[in-house]
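Undergrad: Quick one: structure below, then a few questions.
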Amino acid sequence: MRLKILFLTLAGFSIFLYTLVARGATVVGSKHDLSTPSTNEPCAFCHTPHFANISIAAPLWNRSIGNVTFQMYSSTTIDTTIPGVPSGVSLACLGCHDGVNSANDKHDLRNAPGPGGMPDQSSWPNCERCHPEYYGGGGPVNWLGTDLKNDHPISMSYPTPAQDPGFFTPPDPQKGWSDVPLYNGKIECPSCHNVHDPSHSPFLRISNAGSALCYKCHNK
Amino acid sequence: MSHLDCFKFPLVLFVVGLFASPLFGASVVGSKHDMSAAGGEVCVHCHTPHFANTEISAPLWNKKSQNFNFDAFTMYTSPTIDTAIPARPSGISLACLGCHDSVSAPEAATSTYTHYVVNTPGSGLNNSQAYWNSLNCNACHGGHGSPLYKIPAVGPDLTNDHPISMVYPTAAQDPSFYQPPDSQKGWPDLPLFSGKVECATCHNVHDPSKIPFLRMANTGSALCYRCHNK
């Protein structure tokens, strides 16, 4: 009995330690934490364990994405081909950051926290999380808009050395670097951004001191 | 009564009270998983003390697997996952999916699977009308004028559901997962099954106190954060 109590105490203590030490910086408390005391599950605003939207290549996506047309980046000197539409996990980012006010792709969750309900409007009361400018909480959210011509290209395959010697070659042509990933060999928003980790503002994969993030790919 | 007994009795009462307290949660009795008609046996609709089906690795399982197509499921996939998802559900998840396989029609488990047991209560009932009478139809069906099924069904397409039956990633495979104290059994309150994540890792089918049958409250996404370091 005494041993059991000791074991349970140790188990509880190690769980406590996990929550303190190992977690590091997570989405909790970051600008991507849309939870409030009344809707208190941070993960549920993007992910759901059941009935997820599988048309978006982000894990178990809990939002519908509207049929928005984007204008893609173009360049006369680029040596890889930019597709006509964003692909993969970038669509998950643009689901909010396109700034297009489409109620069912911005506000509704596919599956509500707890016993569920579809579609779900439990995120609606949390207005100040995405619209801080109306609540005295600083500037508006970073909307890129549907015009992506003035943004770093996304959804294009990473150039091979033969295509463009001005790029460093990743260790894995499909998955990129361990700290700057490619997605099926493509650059996507989360190649540079880690939506879950606010420690390198603005949600960067690595610190950009000395432009280190840029120089991971660009040999200039 | 000796001097020592005076201490023992309140202590026993305290321990008994502790077990009966909400700390240990509620039981399946009266929950949505209680499929018994009034006064009927509760456990028998899933478990039997004898002649159990050992093909499904839930304790003493009382359903016949020959009426259940284990290959009917399409599993979750992800380009970024760092562990391998098997081709079909394994272990205890098959027990869950026997009922939660489909929403509009039986896709994996036939009506014979869901409505009959290997071994009926008492003796000699042998899946007769008497066994059917012991079932509460309304536990799974909506009744006249309502949808035929009222249970949440996740299959047979599991591609939009959290992956199951895959081995929990090691720290080397994926550093964004917390490592459990026991690589085979997981955490004391959030179990792995032979080192695998199964439905029953997050869900406690016997305890309705944290809706929907969760192992622990998900306030602050605490259940998610037990594994995911994001």
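Undergrad: Explain nothing, just compute: Karplus ³J(HN,Hα) = 6.51 cos²θ - 1.76 cosθ + 1.60, θ = phi - 60°, for every residue of region A:212-220 in order, whole Hz, x for Gly and Pro.
TA: With coefficients 6.51, -1.76 and 1.60, one gets 4, 5, 4, 6, 4, 9, 7, 9, 10 Hz.
Undergrad: Hey, another quick one. Let me understand region B:130-212 better: what is its radius of gyration from the alpha carbons, and its Dmax, in angstrom?
TA: So, for region B:130-212, Rg and Dmax equal 17.7, 55 Å respectively.
Undergrad: Related question: Whose amide H sits under 5 Å from the amide H of B:N204, counting only residues 5 or more places off or on another chain, with H placed in the peptide plane?
TA: When sequence neighbours closer than 5 places are left aside, the close amide H contacts are B:L214, B:R215.
Undergrad: Then there is this: If I model a spin label as a point 7 Å beyond the Cα along the Cα-Cβ vector, how far apart are those points for B:T54 and A:N40 in nm?
TA: Computed distance between label sites B:T54 and A:N40 equals 4.6 nm.
Undergrad: Among B:K63, A:K31, what is the fewest-to-most ranking by other Cβ atoms within 10 Å?
TA: Working: B:K63 27, A:K31 17.
Least crowded to most crowded, the residues run A:K31, B:K63.
Undergrad: In whole Hz, what ³J(HN,Hα) sequence does region A:179-193 give by Karplus (6.51, -1.76, 1.60; θ = phi - 60°), x for Gly and Pro?
TA: Here the 3J(HN,Hα) series is 10, 9, x, 9, 10, 6, x, 10, 7, 10, 3, x, 5, 9, 10 Hz.
Undergrad: Can you flag which of B:K64/B:K230; B:K32/B:K64; A:K31/B:K150; A:K31/B:K32 are past 32 Å Cα-Cα? Don't jump to the answer; show the numbers that get you there.
TA: Values: B:K64/B:K230 41 Å; B:K32/B:K64 22 Å; A:K31/B:K150 38 Å; A:K31/B:K32 38 Å.
Pairs exceeding the cut-off: B:K64/B:K230; A:K31/B:K150; A:K31/B:K32.
Undergrad: Mark the label point 7 Å from the Cα of B:V29 along Cα→Cβ and return the residues of region B:178-218 whose backbone N is within less than 16 Å of it.
TA: B:206-209
Undergrad: Determine ³J(HN,Hα), in whole Hz, for all residues of region B:40-57 in sequence, where each value follows from phi through the Karplus function 6.51 cos²θ - 1.76 cosθ + 1.60 and θ = phi - 60°; x replaces Gly and Pro.
TA: Once rounded to whole Hz, the list reads x, 6, 8, 5, 4, 5, 10, 10, 9, x, 9, 6, 5, 7, 8, 5, 9, 7.
Undergrad: Taking H placed 1.01 Å from N in the peptide plane, check which residues at least 5 places from B:H141 or on another chain put their amide H under 5 Å from its amide H.
TA: Close amide H contacts, sequence-distant or interchain: B:K150.
Undergrad: Hey, which lysines would be in cross-link range of B:K196, C-alpha to C-alpha under 20 Å, not counting anything within fewer than 8 residues on its own chain?
TA: Straight-line reach from B:K196, under 20 Å: B:K185.
Undergrad: Can you list residues whose amide H is under 5 Å from B:D157's amide H, if they're 5+ apart or on another chain and H is modeled 1.01 Å from N?
TA: B:T74
Only the coordinates and a few stated rules stand behind these numbers; no lab work does. Because the structure is a prediction, the values reported are computed rather than measured. Counting neighbours? That spans all protein chains shown, and the Cβs are built from the backbone with ideal geometry, glycine included.
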